[in-house]
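Note sheet for the following structure.
The values are calculated or read from the model by the stated rules, or taken from the named source; none is laboratory data. Small disclaimer: the values here were computed from a predicted structure and weren't measured. Quick reminder, even Gly has a Cβ in these numbers, built from the backbone with ideal geometry, and neighbours come from all protein chains shown. Heads up: the accessible areas ignore ligands, DNA and RNA and are worked out on the full protein's heavy atoms, side chains in. Shrake-Rupley method; radii C 1.70, N 1.55, O 1.52, S 1.80 Å.
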Amino acid sequence: AQKVTQAQTEISVVEKEDVTLDCVYETRDTTYYLFWYKQPPSGELVFLIRRNSFDEQNEISGRYSWNFQKSTSSFNFTITASQVVDSAVYFCALSLFSPYTGANSKLTFGKGITLSVRP
Amino acid sequence: DAGVTQSPTHLIKTRGQQVTLRCSPKSGHDTVSWYQQALGQGPQFIFQYYEEEERQRGNFPDRFSGHQFPNYSSELNVNALLLGDSALYLCASSLSGPGNTGELFFGEGSRLTVL
């Protein structure tokens, strides 16, 4: 069975601080996908990034960066120079590749991290 | 381009009643997944529909059933409601086949309260 652990439940920072959200996953499969989603108060989950298990290259997108390390089964997310608009709940998720559904398999989510950015 | 739309946005039911939630996928998408998100928890996978058939199912009882229509829209039905069914129900759409990237587009959800 798959499992995603987000040990941090709530993080509060002051605007312009850097913040890292941790994610640890468990799976016995060798082909899988990792995701980060943002959930603002409206409830809609907003896709941020997807990585497959064969691509450990770190990625940067503007103020966001992701660090994927298979050796520690971690997929951490860093926001640089945080802003008030970054306040939301952030979820890490994992899905498995299936010959039947391809990459379109069910997501297993962590419990989420509530990030509050104060002005 | 309309994203994923869900209805109703909020509803209140009493124990034992039945509820139907509706979802229209993003234009061009053919696969619909449903998730249940209890307060303070991550979403949990209920099931996925593709080509009008249930393709995958999570660990939910038979009280939870669904349907997908030829236009790819979908319904989630929950019978014999329990207090524990109170949650935000999220619909997600995606594209299967060669264009499949595994990316899901979520709606804003239907918040169900069972009294």
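A quick yes/no check of all residues on (1) of a type in the set (Asp, Glu); (2) touching a helix residue (DSSP H, G or I) at 6+ places or on another chain (Cβ under 7 Å); (3) under 24 Å from B:LEU90 (Cβ atoms):
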site: A:GLU15; (1), (2), (3): yes, yes, no
site: A:VAL19; (1), (2), (3): no, no, no
site: A:GLU26; (1), (2), (3): yes, no, yes
site: A:SER42; (1), (2), (3): no, no, yes
site: A:ASN67; (1), (2), (3): no, no, no
site: A:PHE75; (1), (2), (3): no, no, yes
site: A:VAL89; (1), (2), (3): no, no, yes
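Among the residues of the range B:61-86, those identified as of a type in the set (Ser, Thr, Tyr) and open to solvent by 10 Å² or more (accessible area, probe 1.4 Å) are B:SER65, B:TYR72, B:SER73, B:SER86.
Considering the range A:23-58, the residues that are of a type in the set (D, E, K, R) and either within 23 Å of B:GLY107 (Cβ to Cβ) or touching a Ser or Thr at 6+ places or on another chain (Cβ under 7 Å) (or both) include one that is surrounded by the fewest Cβ atoms within 10 Å (Cβ to Cβ), namely A:GLU26. Of the strands (runs of 3 or more DSSP E) entirely within the range B:8-69, those holding at least 2 residues that are more than 14 Å from every other protein chain (Cβ to nearest Cβ) occupy B:10-13, B:19-24, B:64-68.
Annotation note: of A:SER116, A:SER53, A:SER95, the sole residue that is over 20 Å from B:PHE45 (Cα atoms) and either within 14 Å of chain B (Cβ to nearest Cβ) or among the acidic types (Asp, Glu) (or both) is A:SER53. Restricting the search to the range B:70-94, which residues are within 8 Å of chain A (Cβ to nearest Cβ) and either part of a loop (DSSP other than H, G, I, E, B) or in contact with a Phe, Trp or Tyr (Cβ under 6 Å, 6 or more places away or on another chain) (or both)? If the condition is that a residue be within 8 Å of chain A (Cβ to nearest Cβ) and either part of a loop (DSSP other than H, G, I, E, B) or in contact with a Phe, Trp or Tyr (Cβ under 6 Å, 6 or more places away or on another chain) (or both), then B:LEU90, B:ALA92 are the ones that fit. Of everything in the range B:87-115 that is at pLDDT 95 or above and open to solvent by 40 Å² or more (accessible area, probe 1.4 Å), the residue that is farthest from the chain's Cα centre (by Cα) is B:LEU115. All conditions in (1) surrounded by 13 or more Cβ atoms within 10 Å (Cβ to Cβ); (2) of a type in the set (A, V, I, L, M); (3) not in a strand (DSSP E or B) hold for A:VAL117, with the sole exception of (3). Count of the range B:26-40 residues, restricted to those that are open to solvent by 10 Å² or more (accessible area, probe 1.4 Å) and at pLDDT 95 or above, is 3.
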